[in-house]
Every structure is written in C-alpha cells, then in structure tokens.
Amino acid sequence: MEKTKKSEQTKLMFANSIKQCMKTTSVENITIKQIVDNCNSTRQTFYRNFEDKEDLVNWYFEKLCLDSFKEMADQTTLKEALIKKFTFIQSQSTFFKEAFKEDDYNSLTNYDYRCIYDFYKKKIEAKTTIDSQLDFLLQMYCHGSIEMTKSWVEKNMYLDIETLVNMLIESMPERLKQYINL
C-alpha cells in the first residue's frame, strides 16, 4: 500500500511538472529533461513510471477522469455525463488546450477516442449486439465528438457547455440514440 501511494505521488509530481511546462511550451516541444528538471527528479525515475511524455499526459487525463467521473454510472444520462465531462475539461483548460495539440498514436486525442468509444460500446452492448454498420456509426460519431471537443477547447470554449452538449447529442445518429440513455 505504501509503495502504491509513493508511486502515485511520484506520478502526480511529474503531472504537475508537465502542467507547469505547458504554460510556456507546447507538449510537442516539452522534453523529458524539462519535466524532470522542473521537479528535481531524474530521467530514471520518470521512465520507471512512464513510457514517454504522452503516457504521462494520458495517465493524468485518466486520473482526472476517474476522480471526476465516478458518478458516471449506468443510471446517469448521457447529457449529465457530458455536462460533467465538459465542466471538468473547462476547469483544466490549460492542460487540455496543450494536450489536445499532440496528434500521434499515444496522444490524448486517441486516448480520449478509445475511452468514449469503449464507454458507448458498453452501453450499446448491454442492449444489443453491435454489427459492422452500428460499429461504423459509433466510430464515426466518436471521432466527430473528439474533433468537436478539440475545436471547442482550442477556440477558448466558445460555446456554453449546455449548448455544446445539446449539439453533440443532437448530432448522434438515430440508430445509436435508441441504445443510449440520453
């Protein structure tokens, strides 16, 4: 238990360090050296905890989501869940603005896609078997949702959260809507 707590504290130390670096440097240009120097640690300690800086960003995103979305159980409507998600993203806008700029395989964009795809897939599979056409619609909707989320963040959250959420729900294909608790 003590080792797990220490590991969590070490990971948070690196997360806070990269957040600090993000204030002046894009994620793409942040180096591991900057991250470890900023928190007076070592590369070895960093690599004991993370594969690379994208792994750190994704771990932090997951940590924040787990802490913030515990209530997103099956009884929560999609609208309530999305409002919580975007309120949370707004509260961490500097982090998300920088993190969404990365676009490689390990990027937050791809990680968030996998998270929401899995979230919707589980909800749908609880009610039906997903055929290839339904899966295509789900993938298309998830990709579109992520791109609109990125756009919203990059453009300084130009829509109020309720409007954004309503538009995301409205854009969901009818075939998906029947399996989701809106």
Relative to the longest principal axis of the chain, what angle (0 to 90°, nearest 10) does the C-alpha long axis of helix 132-154 take? 50 degrees
Measure nothing fancy, just the Cα-based angle from helix 161-170's long axis to the longest principal axis of the chain, in degrees from 0 to 90, nearest 10. 50 degrees
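Need one word for region 89-132: rounded, prolate or oblate. Basis is the Cα gyration tensor (sqrt eigenvalues a ≥ b ≥ c); a/c below 1.5 gives rounded, then a/b vs b/c decides. Walk me through the intermediate numbers first.
Working: a/c = 5.48, a/b = 2.13, b/c = 2.57.
Taking the square roots of the gyration eigenvalues as a ≥ b ≥ c, region 89-132 is oblate.
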Pull out a ≥ b ≥ c, the square roots of the eigenvalues of the alpha-carbon gyration tensor of region 140-182, then state rounded if a/c is under 1.5, prolate if not and a/b is larger than b/c, and oblate in the remaining case. oblate
Selected from Tyr179, Leu64, Tyr158, residue furthest toward positive end of dipole (the chain; charges at beta carbon): Leu64
Compute the angle between helix 2-22 and the longest alpha-carbon principal axis of the chain, please, reported from 0 to 90 degrees and rounded to the nearest 10. 90 degrees
Cα shape, the chain, gyration tensor, a/c 1.5 rule: prolate
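If the only charges are +1 at each Lys and Arg Cβ and -1 at each Asp and Glu Cβ, what is the size of the charge dipole of region 117-167 around the Cα centre, to the nearest 20 debye?
My answer is approximately 100 debye.
Quick check for you: with a 1.4 Å probe and neighbouring chains kept, what is the accessible area per residue of the chain, in Å²? Each step should come with its number before you reach the end.
On the way: 10200 Å² over 182 residues.
It amounts to 56 Å² per residue over the chain.
Set the bar at 24 Å for Cα to Cα. Now go through Lys101/Lys155; Lys19/Lys150; Lys101/Lys177 and name every pair that lies beyond it. All intermediate terms of the calculation are to be shown ahead of the outcome.
Values: Lys101/Lys155 12 Å; Lys19/Lys150 18 Å; Lys101/Lys177 30 Å.
Checking Cα-Cα distances, Lys101/Lys177 exceed 24 Å.
Could you check how much of the accessible area of region 92-182 is carbon and sulfur, as a whole percent, using a 1.4 Å probe?
On the way: 2470 of 4850 Å².
With neighbouring chains kept in place, the figure for region 92-182 is 51 percent.
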Relative contact order of the chain, pairs being alpha-carbon contacts under 8 Å that are 6 or more residues apart, as %: 23 percent
So how strong a dipole does the chain carry about its Cα centre when Lys and Arg Cβ are +1 and Asp and Glu Cβ are -1, to the nearest 20 debye? 520 debye
What figure in square angstrom, to the nearest 10, would you give for the accessible area of Cys115 with a 1.4 Å probe? 50 Å²
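The values are calculated or read from the model by the stated rules, or taken from the named source; none is laboratory data. As the structure is a computational prediction, the values presented were derived from the model and not from experiment. Backbone-built Cβ (ideal geometry, glycine too); neighbour counts: all protein chains shown. Note: areas computed on protein heavy atoms with side chains; ligands, DNA, RNA excluded. Shrake-Rupley method; radii C 1.70, N 1.55, O 1.52, S 1.80 Å.
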